[in-house]
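Take a look at the structure below.
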Amino acid sequence: MKIGFIGLGNVGSKLSGSLLRNGTDLSVYDLNADLVAAKVAQGAKAADNPAHLMRDCDAVITCLPSPAASDTVMQQMLPKVTPGKIWMEMSTTDEAEVKRLGALLIDRGGAAVDCPVSGGCHRADTGNISIFAGCDRATFDAILPLLTKMGRRILHTGELGTASVLKVITNYLATANLITCAEALVTARAAGMDLNTTYEAIKISSGTSFVHETESQVILNGSRDISFTMDLVKKDIGLFQDVADRAGVPLEMNPLMIKIFDDAIARFGERELSPNIIRRLEEATDLNITAPGFPAEMTDDEPEEPGYEVIPQGQARF
């Protein structure tokens, strides 16, 4: 398959790198010419625009910062959609919007997949990230070999849109974990606890989580660098709120989390690194929540392994 890739930011650069590392015939496009040049140096071909990618490739992947950006790209690609073309939306996006855009492409004989990733940029870099995929089974079977080049655990979530719902659910949970980890670490320091010991106590206990074992480390280092910013968190939990609102669920935690991030963005700016949500409490307590021996950024030390489909417990394949 000839693959096009649009959007070479933090995540897109890593996913496209995995495709190149695993021998994919890849053409790329981004508004930033330097990012395109970097991928060309790794073996990709440069495309002139999204329309040319859809014309020349069997499948086109988009990995973009917002639903509005995906819409802009889709409007350029749509005239070049012919039967058999596949659009793979790897952005974190709105369920309703990916269904709307997907319908435009399906009406022209193409296939649409929402296939966001989860597990952190450090795992996207090594091909060990998880990927959700929402589409009909025939399309999933066609793209599974491609998905396994970018990720380790691949979950078919059902029809188009289901992957985007699950993605914002998992990001909501990660954000809740981040806020509670920040509160736990500040409270531990205020109570006179050693933070290295606190980190290990949480890690080996019922209080641990993926977020604690990754983001708490860069918080304690002081870099707070996970290549993810507060505006992106606000977008993701806003998308989760939209899902809940459409379903008539009266959430209590998420509106509070939106308020917390609104306050942090007003103080520190929307492009502040998301783990610096802890700065609100550091400033309120006049405490510095750092400790020696923690890494400045997360790296994945697991070797890259072939990806595989995850079958939900108690279920047959969709």
| field | Criterion: surrounded by fewer than 19 Cβ atoms within 10 Å (Cβ to Cβ), under 13 Å from the mean Cα position of the chain (by Cα) and closer than 25 Å to Ala247 by Cα - qualifying residue of Ile169, Ile131 | value | Ile169
| remark: For segment 290-311 the number of residues that are in contact with a helix residue (DSSP H, G or I) (Cβ under 7 Å, 6 or more places away or on another chain), open to solvent by less than 90 Å² (accessible area, probe 1.4 Å) and over 30 Å from Ala188 (Cα atoms) is 2
| message | If I ask for residues that are open to solvent by 50 Å² or more (accessible area, probe 1.4 Å) and either among the charged types (D, E, K, R) or not in a helix (DSSP H, G or I) (or both), which ones from segment 264-286 would you list? | response | Arg267, Glu270, Arg271, Arg279, Arg280, Glu283, Asp286
| note | Counting only residues in segment 207-226 that are of a type outside the set (A, V, I, L, M) and part of a loop (DSSP other than H, G, I, E, B), the one nearest to Ser164 (Cα to Cα) is identified as Ser209
| request: Taking only segment 52-75 into account, find how many residues are open to solvent by less than 20 Å² (accessible area, probe 1.4 Å), assigned to a helix (DSSP H, G or I) and either small (Gly, Ala, Ser) or at positive phi (or both). | output: 1
| Those residues of segment 207-237 which are closer than 20 Å to Thr92 by Cβ, open to solvent by less than 20 Å² (accessible area, probe 1.4 Å) and not charged (D, E, K, R), in sequence order | Val211, Thr214, Thr229, Met230, Val233, Ile237
| task | Within segment 96-128, count every residue that is over 21 Å from Ser274 (Cα atoms), β-branched (Val, Ile, Thr) and open to solvent by less than 20 Å² (accessible area, probe 1.4 Å). | result | 2
| remark: Apart from one, (1) over 22 Å from the mean Cα position of the chain (by Cα); (2) charged (D, E, K, R); (3) closer than 27 Å to Arg123 by Cα all hold for Arg246; the odd one out is (3)
| task | Can you give me the number of residues within segment 227-255 that are outside any helix (DSSP H, G or I), at pLDDT 95 or above and not β-branched (Val, Ile, Thr)? | result | 4
| message | Can you say whether Met257 is open to solvent by 70 Å² or more (accessible area, probe 1.4 Å) and under 30 Å from Met193 (Cβ atoms), as far as the supplied structure shows? | response | no
| query | In this structure, does Arg153 turn out to be open to solvent by 40 Å² or more (accessible area, probe 1.4 Å), at pLDDT 95 or above and assigned to a strand (DSSP E or B)? | reply | yes
| task | Determine the pairs where a residue that is closer than 14 Å to Ile260 by Cβ, located within segment 227-244, has a partner that is among the small types (Gly, Ala, Ser) and open to solvent by less than 40 Å² (accessible area, probe 1.4 Å) with Cβ atoms under 8 Å apart, the partner being 6 or more residues away or on another chain. | result | Met230/Ala264; Met230/Gly269; Met230/Ser274; Val233/Ser274
| task | Please determine, by comparing only the residues of segment 81-95 that are over 18 Å from the mean Cα position of the chain (by Cα) and not in a strand (DSSP E or B), which one is surrounded by the most Cβ atoms within 10 Å (Cβ to Cβ). | result | Val81
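The values are calculated or read from the model by the stated rules, or taken from the named source; none is laboratory data. Values in this document were obtained by computation on a predicted structure and should not be read as measured data. Counting neighbours? That spans all protein chains shown, and the Cβs are built from the backbone with ideal geometry, glycine included. For the accessible areas, the whole protein counts, side chains as well, though only heavy atoms, and no ligand, DNA or RNA atoms are used. Shrake-Rupley method; radii C 1.70, N 1.55, O 1.52, S 1.80 Å.
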